Amino acid sequence: MRFVPSALLAGAAGIVAPLAFATAPASAAAPTVSGYTLVTNAGGVFGFGSAPNAGGAIGLATGPVVGIAPTSTGKGYWVATANGGVFTFGDAKFYGSLGATAITAPVVAIVPTATGNGYYLVTANGGVFTFGDAQFYGSAGNLALASPIVGISLTSTGKGYYLVGADGGVFTYGDAAYAGNLSTTFGGPSPDGNAVGIAANPVGPGYLIATSEGNIISYGGAPFFGSPALSGITPAEPLVAIEYAPDGTGYWAVGADGGIFAYNSSVTVGTGSSSSLSVTGHAGFFGSVPGELGAAGVTIPTVVGIAPTL
């Protein structure tokens, strides 16, 4: 039997290796992802594939950058800072920020609405702030959290969202359905580091949680195609983000060094000795920060987020 890799990954060493997992969701659409933009905590951006060259926040941001969110057209993005600032690039429109607000905890993430006409900011203490057409469904701001919030992800309908804490705790709002957390998976703290992000299934129920040491756990039937930990790979630097392709046929995990781990669905073609696996997912590999900088001794900036380009 001949196998065609169903996933590609690239870490600090620029290594590309094959993996083989799962099948695509039957109801998935097929938008084309043609690139992605990575952002660093200093506001620098790295574009790969056909990602827009729309600029970065170096010299603009007065606080550390914590995330990036793409516009619905793929021709722009928003960049958020820990002190609540929001910077727009390309065709991204400004709908407001927390820059002039005395927030009690730093912003940790930004996510766009389903329409692309607004966005959410979430703070480490569980506060959720809405801008543009973003709808408020609740927050964890009134809870005594055991661990700070590190990520937010919208449900497939856009009518709810998930928050995840560094301890892997999951908080659901709107039509988001709870399906488990890292403590229920491991019976206590995760052996693979803290949770760093959550990615809701964009075509149905469930979500993925990524940990700093390379584990990716699926809950509620969210499509799973692999992880660094499952392949016996320890990322050169901790993972910092996870993002699904828009049709749920793949996802990217991002390392703090800008290494990209791309996992995709596959299908079996043919039967018997003539069968093979072929990639059908849309989480393509377009490059990584280590591959871009290349030269030994170059200081690689700390990457904090990814924005896919349609």
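The values are calculated or read from the model by the stated rules, or taken from the named source; none is laboratory data. Because the structure is a prediction, the values reported are computed rather than measured. Positions of Cβ are generated from backbone atoms using ideal geometry, with glycine treated the same way; all protein chains shown enter the neighbour counts.
Any idea which residue in the range 274-300 is modelled with the highest pLDDT, counting only those that are surrounded by 14 or more Cβ atoms within 10 Å (Cβ to Cβ), in a loop (DSSP other than H, G, I, E, B) and out of contact with any Phe, Trp or Tyr (no Cβ under 9 Å at 6 or more places or on another chain)? Out of the qualifying residues, it is 282.
A quick yes/no check of all residues on (1) closer than 23 Å to residue 254 by Cα; (2) surrounded by fewer than 22 Cβ atoms within 10 Å (Cβ to Cβ):
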| site | (1), (2) |
| --- | --- |
| 96 | no, yes |
| 114 | yes, yes |
| 119 | yes, no |
| 132 | no, yes |
| 137 | no, yes |
| 145 | no, yes |
| 149 | yes, no |
| 162 | yes, no |
| 167 | yes, yes |
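From the list 195, 199, 229, 236, the lone residue that is farther than 24 Å from residue 144 by Cβ and surrounded by 24 or more Cβ atoms within 10 Å (Cβ to Cβ) is 199.
Yes/no matrix, rows are residues, columns are (1) touching a residue at least 12 places away in the same chain (Cβ under 8 Å); (2) farther than 21 Å from residue 72 by Cβ; (3) small (Gly, Ala, Ser):
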| position | (1), (2), (3) |
| --- | --- |
| 124 | yes, yes, yes |
| 141 | yes, yes, yes |
| 149 | yes, yes, no |
| 155 | yes, no, no |
| 161 | yes, no, no |
| 180 | yes, yes, yes |
| 190 | yes, yes, yes |
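For the range 212-263, how many residues are assigned to a loop (DSSP other than H, G, I, E, B), of a type in the set (S, T, N, Q) and free of Cβ contacts under 8 Å to residues at least 24 places away in the same chain?
Matching residues across the range 212-263 total 1.
Within the range 53-71, being under 15 Å from the mean Cα position of the chain (by Cα) and more than 18 Å from residue 258 (Cα to Cα) holds for one residue alone: 71.
If you go through the range 48-71 and keep only what is over 24 Å from residue 124 (Cα atoms) and in contact (Cβ under 8 Å) with a residue 60 or more places away in the chain, you end up with 48, 49, 50, 51, 52.
When the range 178-206 is filtered for residues that are in a loop (DSSP other than H, G, I, E, B), of a type in the set (Gly, Ala, Ser) and closer than 19 Å to residue 304 by Cα, only 193 remains.
Summed over the range 73-90, residues that are buried (at least 16 other Cβ atoms within 10 Å of the Cβ) and either within 16 Å of the chain's Cα centre (by Cα) or of a type in the set (Ser, Thr, Tyr) (or both) total 7.
Okay, residues lined up against (1) at pLDDT 95 or above; (2) in contact with a strand residue (DSSP E or B) (Cβ under 6 Å, 6 or more places away or on another chain); (3) on the phi < 0 side of the Ramachandran plot:
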{"position": "187", "(1), (2), (3)": "no, no, no"}
{"position": "193", "(1), (2), (3)": "no, yes, no"}
{"position": "198", "(1), (2), (3)": "yes, yes, yes"}
{"position": "223", "(1), (2), (3)": "yes, no, yes"}
{"position": "236", "(1), (2), (3)": "no, no, yes"}
{"position": "239", "(1), (2), (3)": "yes, yes, yes"}
{"position": "248", "(1), (2), (3)": "no, no, no"}
{"position": "262", "(1), (2), (3)": "no, yes, yes"}
{"position": "272", "(1), (2), (3)": "no, no, no"}
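Scanning the range 203-219 for residues that are hydrophobic (A, V, I, L, M, F, W, C) and in contact with a Pro (Cβ under 7 Å, 6 or more places away or on another chain) gives a single hit, 203. Would you confirm whether any residue within the range 3-16 is assigned to a strand (DSSP E or B), over 18 Å from residue 260 (Cβ atoms), over 17 Å from the mean Cα position of the chain (by Cα) and at pLDDT below 90? Yes, some residue in the range 3-16 is assigned to a strand (DSSP E or B), over 18 Å from residue 260 (Cβ atoms), over 17 Å from the mean Cα position of the chain (by Cα) and at pLDDT below 90.
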